[in-house]
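Peer 1: Sending over a structure as structure tokens; questions will come in a sec.
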Amino acid sequence: MSQSIVVPPLGGTETPLTVSMWFVRVGDAVAVGDRVVEILAPGMTFDVSAPGHGTVTEITTREGATVAVGDVLGKIADGADAN
């Protein structure tokens with residue numbers, strides 16, 4: 001089963017958000033809570049954490065892209081699905 005990496009609610013921040021930097025690549029193993037991507041808002045920086053254990057199988061949003069809360073940034077496959 002795969003899980004989506006999504007832009008989480010950021011304390012009422014409704015301003016445009018930008019994907020700043022990915023800390024992982026497709027094929028990297030991650031654990032719950034590992035930081036996977038950095039999001040920028042005017043005057044703030046947020047790290048998005050992995051929602052589960054597994055392997056990054058897809059990065060759907062490139063660095064520099066504008067995103068909103070709830071947007072899917074990538075996918076992580078559980079260990080059994082990653083192979």
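The values are calculated or read from the model by the stated rules, or taken from the named source; none is laboratory data. The structure presented is a predicted model; accordingly, all values stated were derived computationally and were not measured. Counting neighbours? That spans all protein chains shown, and the Cβs are built from the backbone with ideal geometry, glycine included. Heavy atoms of the whole protein, side chains included, go into the accessibility calculation; ligands, DNA and RNA do not. Shrake-Rupley method; radii C 1.70, N 1.55, O 1.52, S 1.80 Å.
Peer 1: With every protein chain in place, what's the accessible area of residue 32 (1.4 Å probe, Å², nearest 10)?
Peer 2: 90
Peer 1: Now a separate question. Between residue 15 and residue 60, what is the spin-label point distance in nm, taking each point 7 Å from the Cα along the Cα→C-beta axis?
Peer 2: 2.6
Peer 1: Amide H of residue 47: which non-local residues (sequence gap of 5 or more, or other chain) have their own amide H closer than 5 Å, using H built in the peptide plane?
Peer 2: 39
Peer 1: Take the chain, connect every pair of alpha-carbon atoms lying under 10 Å apart with a spring to form a Gaussian network, then pick out the residue of 69, 19, 30 with the largest mean-square fluctuation.
Peer 2: 69
Peer 1: Still on this model: Have a look at 50, 65, 41 and tell me which one the Gaussian network model of the chain (Cα, springs below 10 Å) gives the largest fluctuation.
Peer 2: Looking only at 50, 65, 41, the biggest GNM fluctuation is shown by 65.
Peer 1: Still on this structure, I have one more. For the chain, which GluC sites (Glu not before Pro) are in a loop by DSSP, counting at most 16 other Cβ atoms within 10 Å?
Peer 2: Sites meeting the loop and neighbour criteria: 14, 63.
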